[in-house]
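The values are calculated or read from the model by the stated rules, or taken from the named source; none is laboratory data. Quick caveat: nothing in here was measured; it's all calculated off a predicted structure. Reconstructed Cβ throughout: ideal geometry from the backbone, glycine too, with neighbour counts over all protein chains shown. Surface accessibility is based on the protein's heavy atoms, side chains included, excluding ligands, DNA and RNA. Shrake-Rupley method; radii C 1.70, N 1.55, O 1.52, S 1.80 Å.
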Amino acid sequence: MSGHSNSEFWDKFSKQFQRVNEPFTLPLSTQLMSAVNIFNAKKILEVACGAGLATKVCDFLKPADATLTAIDFSPEMINLAKRTLEGKDVKFVVASAESLPFGDNEFDKYFASLALNLVNDADKMLDEAYRVLEKGGTAAFSIWGRPEHSRYTPIMPKVLKEFDIDLYKGAPPPRSNYYLGGDLNALRELLQKHGFTNVIAWYHPLIYLPESGAQFAQWIQSSPQYIPLFSELSPELKQQVIDRASALADEIIQRGEPLTLDCAVVIGKK
């Protein structure tokens, strides 16, 4: 199970996500909108809408008479999204991607960015996506891709290993967020197993451009994944970890390269 598959984590992370992560992930969400051809939609479902930035773009791009429903299993995310789209005709629902509170064949467009690799059961999420789509409808998903092609996620694990710090304190590590993204053929077959046809998949990098390694390190410190760790370290060790993470990020930036998260995109029709 992923450590990021519970709503409490995302409730705590919601404001940080809105401030830093959501602008970083927006280009991937807009690619999903384009992939499902949001421009001729009638009834749209966005799953894992976060704080609503992509929802706002979708509301702008969709036809004026198309309906837009956005769900997230984090109540705090939904509260932020409602404020982001205050006054807009968007329906927000607190709900799980694995158990959608909608009827069969209800939507013609479905998209979910960076959620399929985080839910407890990807098969259930795909079953639900297929169920709520009308015949001929299109679904698009993005997930974490290949760790060896990502530049920012390996930084903290490398630092913790250098300082012999066990983030999980002897417990087995959670399922990797990359577990679905390493093989595009397997990803296509996964959607086909759940009934989708005309399945297409490709890799797409997300680009994160901190001004400095120090800014990256500040972001890491405020992530709920690492807050408990930093609270337990001595002041001296904490500073050493921060400085090392900052230095590794600076090495990438000084090479003239962005910090990246490799992602995979997959679309299919019902």
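Rank I155, I200 by accessible area, highest first, at a 1.4 Å probe radius?
Numbers: I155 10, I200 90 Å².
Descending order: I200, I155.
I'd like the antiparallel share, as a percent to the nearest 5, of DSSP beta bridges with both residues in region 36-186. Provide the component values of the computation, followed by the final result.
Working: 1 of 20 bridges.
Expressed as a percentage, antiparallel bridges in region 36-186 total about 5.
Once you charge only the Cβ atoms, +1 for Lys and Arg and -1 for Asp and Glu, what is the size of the charge dipole of the chain about its Cα centre, to the nearest 20 debye?
500
Looking at region 133-270, the pairs of alpha carbons with a distance over 18 Å make up 63% of the total. A helix-only calculation puts the chain at -12000 deg cm²/dmol for mean residue ellipticity at 222 nm, using -39500 (n - 2.57) for each DSSP H run of at least four residues, averaged over all residues.
State the three equivalent ellipsoid semi-axes of region 25-66, derived from the C-alpha gyration tensor as the square roots of 5 times its eigenvalues, in descending order and whole Å. Gyration-tensor ellipsoid for region 25-66: 16, 11, 9 Å.
For Q221 and R131 in one chain, what is 0.36 nm times their gap in residues minus the Cα-Cα distance, to one decimal in nm? Write out the running numbers ahead of the final one.
On the way: separation 90, 0.36 × 90 = 32.40 nm, distance 4.01 nm.
Using 0.36 nm per residue and subtracting the Cα-Cα distance, I get 28.4 nm.
For E106, the accessible surface of its heavy atoms amounts to roughly 60 Å² (probe 1.4 Å, protein chains only, rounded to the nearest 10).
At the residue level, H194 shows approximately 20 square angstrom of accessible surface with a 1.4 angstrom probe and all protein chains present. Rolling a 1.4 Å probe across all protein chains gives T67 an accessible area of roughly 60 Å². Measuring nothing but protein heavy atoms, the accessible surface of the chain at 1.4 Å probe radius is 52 percent carbon and sulfur.
When both bridge partners sit in the chain, DSSP labels roughly 50% of those beta bridges antiparallel.
Taking a ≥ b ≥ c as the square roots of the eigenvalues of the Cα gyration tensor of region 30-117, is the shape rounded (a/c under 1.5), prolate (a/b larger than b/c) or oblate? It comes out rounded by the Cα gyration axes. In the set [x] 7, 29, 38, 22, 4, 0; [y] 7, 29, 35, 20, 8, 1; [z] 7, 24, 26, 22, 13, 6, 2, 0, the label that goes with P(r) over Cα pairs in 10 Å bins from 0, in percent computed for this structure is [y]. Of the residues Y168, Y226, ranked by 1.4 Å probe accessible area with the largest first, the sequence reads Y168, Y226.
Placing unit charges on C-beta atoms (Lys and Arg positive, Asp and Glu negative, everything else neutral), compute the dipole magnitude of region 160-238 about its Cα centre in debye, rounded to 20.
Working: 6 positive and 8 negative charges, 74 e Å.
About 360 debye.
Derived value for region 142-210: Kirkwood hydrodynamic radius 14.5 Å. Basis is the mean of 1/r over every pair of different alpha-carbon atoms. Each of L28, S223, H149 was placed along the dipole of the chain (beta-carbon charges, centred on the mean Cα), and the one lying farthest toward the positive end is L28. Take every Cα pair under 8 Å in region 70-198 that's 6+ residues apart, average their separations, divide by the length, and report that relative contact order as a whole percent. That works out to 22 percent. Only lysine pairs 8 or more places apart or on separate chains count here, and in region 85-177 those with Cα atoms under 27 Å apart total 9. Rolling a 1.4 Å probe over the protein heavy atoms gives the chain an accessible area of 46 Å² per residue.
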